[in-house]
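The values are calculated or read from the model by the stated rules, or taken from the named source; none is laboratory data. Keep in mind that this is a model prediction, so the values were computed, not measured. Reconstructed Cβ throughout: ideal geometry from the backbone, glycine too, with neighbour counts over all protein chains shown.
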Amino acid sequence: MSKIALSPNASGTALFTIASPATNTDRTLTLPDEGGTLMSTAANISSSQMPSGTILQVVQTVKTDAFATQSQSFVDVTGLSVTITPSTSSNKILLTPYLTIGYYAHVDMRLARSIGGGADTVLLIGDQVGSNRTRSTWHGYATTSYNTTYDIQAVSPVYLDSPATTSAVTYKIQLAVPNSSSYWVAVGRPYSDGDAAWSGFTANTITAMEVAA
(Lines give C-alpha, C1' and ligand atoms only; values in the text may rest on other atoms or scores of the structure.)
Protein backbone atom coordinates (compact mmCIF):
# COMPACT_ATOMS: atom_id res chain seq x y z
CA MET A 1 0.00 0.00 0.00
CA SER A 2 1.38 3.43 -0.92
CA LYS A 3 1.67 6.02 1.82
CA ILE A 4 1.27 9.77 2.22
CA ALA A 5 3.98 11.63 4.14
CA LEU A 6 3.97 15.26 5.29
CA SER A 7 7.49 16.71 5.39
CA PRO A 8 7.86 19.94 7.38
CA ASN A 9 10.70 22.32 6.56
CA ALA A 10 13.13 22.65 9.46
CA SER A 11 14.13 26.17 8.40
CA GLY A 12 10.59 27.58 8.57
CA THR A 13 8.59 28.72 11.61
CA ALA A 14 5.13 29.33 10.12
CA LEU A 15 2.15 27.01 10.51
CA PHE A 16 0.49 25.62 7.37
CA THR A 17 -3.12 24.51 7.78
CA ILE A 18 -5.04 22.21 5.42
CA ALA A 19 -8.65 23.34 5.73
CA SER A 20 -11.84 21.77 4.36
CA PRO A 21 -14.75 23.80 2.96
CA ALA A 22 -18.22 23.92 4.50
CA THR A 23 -19.76 20.97 2.63
CA ASN A 24 -21.88 17.89 3.39
CA THR A 25 -20.49 15.86 0.47
CA ASP A 26 -17.52 13.53 0.74
CA ARG A 27 -14.72 14.35 -1.72
CA THR A 28 -11.58 12.54 -2.86
CA LEU A 29 -8.51 14.35 -4.14
CA THR A 30 -6.35 12.04 -6.24
CA LEU A 31 -2.68 12.96 -6.53
CA PRO A 32 -1.00 12.46 -9.94
CA ASP A 33 1.48 9.60 -10.23
CA GLU A 34 4.40 11.95 -10.85
CA GLY A 35 6.63 14.42 -9.08
CA GLY A 36 6.31 18.17 -9.29
CA THR A 37 5.15 21.31 -7.52
CA LEU A 38 1.52 22.26 -7.05
CA MET A 39 0.64 25.58 -8.70
CA SER A 40 -1.26 28.16 -6.66
CA THR A 41 -3.58 30.86 -7.98
CA ALA A 42 -0.90 33.42 -7.08
CA ALA A 43 1.86 31.69 -9.08
CA ASN A 44 2.97 32.95 -12.48
CA ILE A 45 2.82 30.15 -15.05
CA SER A 46 5.54 30.42 -17.69
CA SER A 47 4.81 29.84 -21.38
CA SER A 48 6.97 26.69 -21.30
CA GLN A 49 4.52 25.14 -18.81
CA MET A 50 1.49 25.62 -21.06
CA PRO A 51 0.20 22.65 -23.10
CA SER A 52 0.73 22.43 -26.86
CA GLY A 53 -1.76 24.49 -28.83
CA THR A 54 -2.24 27.13 -26.11
CA ILE A 55 -2.50 30.72 -27.36
CA LEU A 56 0.23 32.56 -25.44
CA GLN A 57 -0.17 36.09 -26.80
CA VAL A 58 -2.17 38.01 -29.39
CA VAL A 59 -1.02 41.13 -31.26
CA GLN A 60 -3.15 43.03 -33.76
CA THR A 61 -2.79 46.05 -36.05
CA VAL A 62 -5.89 47.88 -37.28
CA LYS A 63 -5.69 50.10 -40.36
CA THR A 64 -8.60 52.49 -40.88
CA ASP A 65 -7.18 54.70 -43.64
CA ALA A 66 -6.89 53.78 -47.31
CA PHE A 67 -3.86 52.70 -49.34
CA ALA A 68 -3.44 52.48 -53.12
CA THR A 69 -0.65 51.56 -55.52
CA GLN A 70 0.02 51.12 -59.24
CA SER A 71 3.25 49.18 -58.70
CA GLN A 72 3.81 46.15 -60.90
CA SER A 73 6.24 44.75 -58.31
CA PHE A 74 5.22 43.91 -54.75
CA VAL A 75 5.15 46.78 -52.25
CA ASP A 76 4.26 46.85 -48.55
CA VAL A 77 0.80 48.08 -47.61
CA THR A 78 1.58 51.07 -45.41
CA GLY A 79 0.38 50.65 -41.83
CA LEU A 80 -0.67 47.01 -42.25
CA SER A 81 2.04 45.05 -40.45
CA VAL A 82 2.27 43.46 -37.01
CA THR A 83 5.29 42.60 -34.83
CA ILE A 84 5.37 39.77 -32.31
CA THR A 85 8.22 38.24 -30.27
CA PRO A 86 7.91 34.46 -29.72
CA SER A 87 8.56 33.11 -26.21
CA THR A 88 10.56 30.14 -27.54
CA SER A 89 11.98 29.28 -30.96
CA SER A 90 9.80 26.16 -31.21
CA ASN A 91 6.49 28.04 -30.95
CA LYS A 92 4.44 28.90 -34.03
CA ILE A 93 2.68 32.07 -35.11
CA LEU A 94 -0.91 31.93 -36.41
CA LEU A 95 -1.65 34.74 -38.87
CA THR A 96 -5.19 35.88 -39.63
CA PRO A 97 -5.08 38.99 -41.84
CA TYR A 98 -8.29 40.58 -43.10
CA LEU A 99 -8.14 42.82 -46.17
CA THR A 100 -10.75 44.66 -48.19
CA ILE A 101 -9.43 45.28 -51.69
CA GLY A 102 -10.74 47.33 -54.58
CA TYR A 103 -9.09 46.76 -57.97
CA TYR A 104 -9.38 46.71 -61.73
CA ALA A 105 -8.09 43.86 -63.94
CA HIS A 106 -5.44 41.75 -62.12
CA VAL A 107 -4.03 42.04 -58.59
CA ASP A 108 -1.73 39.85 -56.48
CA MET A 109 -1.34 39.78 -52.71
CA ARG A 110 1.19 37.94 -50.55
CA LEU A 111 2.25 37.52 -46.93
CA ALA A 112 5.82 38.29 -45.94
CA ARG A 113 7.86 38.34 -42.75
CA SER A 114 11.13 39.82 -41.55
CA ILE A 115 13.03 38.71 -38.44
CA GLY A 116 14.82 41.33 -36.38
CA GLY A 117 14.48 43.87 -39.18
CA GLY A 118 16.21 41.58 -41.70
CA ALA A 119 15.30 40.72 -45.28
CA ASP A 120 11.75 39.72 -46.18
CA THR A 121 10.75 36.07 -46.49
CA VAL A 122 7.63 35.44 -48.58
CA LEU A 123 5.10 33.07 -47.01
CA LEU A 124 2.27 30.92 -48.37
CA ILE A 125 2.80 31.23 -52.12
CA GLY A 126 2.07 28.88 -54.97
CA ASP A 127 4.60 26.75 -56.85
CA GLN A 128 6.65 28.12 -59.70
CA VAL A 129 4.88 26.93 -62.87
CA GLY A 130 6.27 28.70 -65.89
CA SER A 131 8.64 31.67 -65.90
CA ASN A 132 6.03 34.41 -66.32
CA ARG A 133 3.47 33.55 -63.65
CA THR A 134 3.40 35.61 -60.47
CA ARG A 135 3.71 33.55 -57.27
CA SER A 136 1.39 34.94 -54.65
CA THR A 137 -0.82 34.14 -51.66
CA TRP A 138 -3.93 35.38 -53.46
CA HIS A 139 -4.70 36.50 -57.01
CA GLY A 140 -7.73 38.49 -58.09
CA TYR A 141 -9.15 39.24 -61.51
CA ALA A 142 -12.02 41.60 -62.18
CA THR A 143 -14.44 40.19 -64.74
CA THR A 144 -17.16 42.07 -66.57
CA SER A 145 -19.71 40.78 -64.04
CA TYR A 146 -17.78 42.28 -61.14
CA ASN A 147 -18.39 45.96 -60.49
CA THR A 148 -14.78 47.04 -60.03
CA THR A 149 -15.64 50.71 -59.71
CA TYR A 150 -17.47 50.61 -56.39
CA ASP A 151 -17.16 47.05 -55.03
CA ILE A 152 -14.70 45.82 -52.42
CA GLN A 153 -13.55 42.20 -52.13
CA ALA A 154 -12.66 40.68 -48.75
CA VAL A 155 -9.51 38.54 -48.58
CA SER A 156 -8.50 36.63 -45.44
CA PRO A 157 -5.73 34.02 -45.85
CA VAL A 158 -4.87 32.07 -42.68
CA TYR A 159 -1.35 30.71 -42.16
CA LEU A 160 0.52 28.95 -39.33
CA ASP A 161 4.15 30.07 -39.51
CA SER A 162 7.26 28.57 -37.87
CA PRO A 163 9.74 31.46 -37.61
CA ALA A 164 12.14 29.44 -35.37
CA THR A 165 13.36 32.48 -33.43
CA THR A 166 12.93 34.44 -30.21
CA SER A 167 13.67 37.74 -31.98
CA ALA A 168 10.95 40.20 -32.95
CA VAL A 169 9.11 39.01 -36.07
CA THR A 170 7.25 41.45 -38.33
CA TYR A 171 4.52 40.20 -40.65
CA LYS A 172 3.25 42.36 -43.49
CA ILE A 173 0.92 42.46 -46.48
CA GLN A 174 2.29 43.18 -49.95
CA LEU A 175 0.39 44.05 -53.16
CA ALA A 176 1.17 44.30 -56.87
CA VAL A 177 -0.66 45.10 -60.10
CA PRO A 178 1.22 42.71 -62.42
CA ASN A 179 -0.32 43.34 -65.82
CA SER A 180 -0.21 47.13 -66.21
CA SER A 181 1.00 50.16 -64.26
CA SER A 182 -1.99 52.11 -65.57
CA TYR A 183 -4.29 50.27 -63.11
CA TRP A 184 -4.71 50.69 -59.36
CA VAL A 185 -5.24 48.39 -56.43
CA ALA A 186 -6.63 49.92 -53.25
CA VAL A 187 -6.95 48.69 -49.66
CA GLY A 188 -9.84 49.94 -47.53
CA ARG A 189 -11.74 51.53 -50.40
CA PRO A 190 -13.12 50.68 -53.86
CA TYR A 191 -11.13 51.17 -57.06
CA SER A 192 -13.03 54.43 -57.58
CA ASP A 193 -12.43 56.97 -54.83
CA GLY A 194 -15.65 58.90 -55.38
CA ASP A 195 -17.17 60.54 -52.29
CA ALA A 196 -20.55 58.83 -52.56
CA ALA A 197 -22.77 56.65 -50.36
CA TRP A 198 -21.94 53.57 -52.47
CA SER A 199 -18.17 54.19 -52.25
CA GLY A 200 -17.43 53.30 -48.62
CA PHE A 201 -14.21 53.05 -46.64
CA THR A 202 -13.47 49.94 -44.58
CA ALA A 203 -11.06 48.86 -41.85
CA ASN A 204 -8.33 46.26 -42.34
CA THR A 205 -6.50 44.15 -39.76
CA ILE A 206 -3.61 41.75 -39.36
CA THR A 207 -3.51 39.55 -36.24
CA ALA A 208 -0.63 37.39 -35.02
CA MET A 209 -1.08 34.77 -32.28
CA GLU A 210 1.73 32.82 -30.64
CA VAL A 211 0.86 29.13 -30.34
CA ALA A 212 2.71 26.87 -27.87
CA ALA A 213 4.57 24.01 -29.53
Practice problem: Evaluate the following for residue 37: is it of a type in the set (Ser, Thr, Tyr) and over 30 Å from residue 179 (Cβ atoms)? | Solution: yes
Report yes if residue 117 is at pLDDT below 95 and surrounded by fewer than 21 Cβ atoms within 10 Å (Cβ to Cβ), otherwise no. yes
Those residues of the range 154-200 which are out of contact with any strand residue (DSSP E or B) (no Cβ under 6 Å at 6 or more places or on another chain), polar (S, T, N, Q) and at pLDDT below 80 amount to 180, 181, 182, 192, 199
Of 112, 105, the only residue that is surrounded by 16 or more Cβ atoms within 10 Å (Cβ to Cβ), of a type outside the set (S, T, N, Q) and closer than 28 Å to residue 52 by Cα is 112
Of the residues in the range 61-70, those that are surrounded by 14 or more Cβ atoms within 10 Å (Cβ to Cβ) and either of a type outside the set (Lys, Arg) or more than 22 Å from residue 120 (Cβ to Cβ) (or both) come to 61, 66, 67, 68, 69
